[in-house]
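Shown next, in structure tokens, is the structure this report addresses.
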Amino acid sequence: IRGAPDRPFAAQVRDAGYAAWLALPKETSVRWEISLRPQDRLLSVRAVGYPMLDTDEDYELWWVGEGDGEMVSIGLLPRDGSWQRSLPRHLALGTGSRLVITREPAYGSPTDGPTGPVLIRTALPLRG
């Protein structure tokens, strides 16, 4: 990902086992608790607060696999509430895997990859 820092840019990430709290730079009204249960590949996202977004924008969560760095959309981050999704089997759950948050047009990227700016790029703290 060109121009994206290796560490979260002005973001707060707190290791809580298989979880992280992510907060966007300059966005103090919301943060997300993101957790993964590797045994069943269940990714959970919970919004705390409400993002200050225009109605024509959304935040999108991406999985970046280790090695090839392929970015796969996991879905839109909730504006409130939570969701759970099973990660596709083809996504490797390794220590080099990363999560990326981008700002996209409403309903997400219209392409197979991100079109908006990378706001956070961070490893989900997976332990072997």
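Given the criteria over 19 Å from Gly49 (Cα atoms) and over 15 Å from the mean Cα position of the chain (by Cα), does Thr111 qualify?
yes
Considering only residues of region 17-26 that are touching a strand residue (DSSP E or B) at 6+ places or on another chain (Cβ under 8 Å) and open to solvent by 30 Å² or more (accessible area, probe 1.4 Å), which is modelled with the highest pLDDT?
Among those residues, the one meeting the criterion is Trp21.
Tell me, which residue of region 76-128 that is among the small types (Gly, Ala, Ser) and under 18 Å from Glu66 (Cβ atoms) is modelled with the lowest pLDDT?
Out of the qualifying residues, it is Gly128.
Gly69 is checked against (1) closer than 19 Å to Thr115 by Cα; (2) at pLDDT 80 or above and fails just one. What number does that condition carry?
(2)
Filter region 27-57 for residues that are in a loop (DSSP other than H, G, I, E, B), farther than 20 Å from Ala106 by Cα and either at pLDDT 75 or above or not β-branched (Val, Ile, Thr) (or both) and give the result.
Kept after step one, since they are in a loop (DSSP other than H, G, I, E, B), are these residues of region 27-57: 27-29, 38-41, 50-56.
Going one step further and asking which of them are farther than 20 Å from Ala106 by Cα, we end up with 28, 38-41.
Those that are in a loop (DSSP other than H, G, I, E, B), farther than 20 Å from Ala106 by Cα and either at pLDDT 75 or above or not β-branched (Val, Ile, Thr) (or both): Pro38, Gln39, Asp40, Arg41.
When region 44-69 is examined, which residues are found to be in contact with a Phe, Trp or Tyr (Cβ under 9 Å, 6 or more places away or on another chain) and open to solvent by 90 Å² or more (accessible area, probe 1.4 Å)?
The answer is Arg46, and nothing else.
Is it true that Arg85 is of a type in the set (Lys, Arg), part of a strand (DSSP E or B) and crowded, with 18+ Cβ neighbours inside 10 Å?
On the way: of a type in the set (Lys, Arg): yes; part of a strand (DSSP E or B): yes; crowded, with 18+ Cβ neighbours inside 10 Å: no.
Judged against the criteria, Arg85 is not a match.
The values are calculated or read from the model by the stated rules, or taken from the named source; none is laboratory data. None of the values given here were measured: they were computed from a predicted structure. Ideal geometry is used to build each Cβ from the backbone, glycine not excepted, and the neighbour counts take in all protein chains shown. For accessibility, only protein heavy atoms count, side chains too; no ligands or nucleic acids. Shrake-Rupley method; radii C 1.70, N 1.55, O 1.52, S 1.80 Å.
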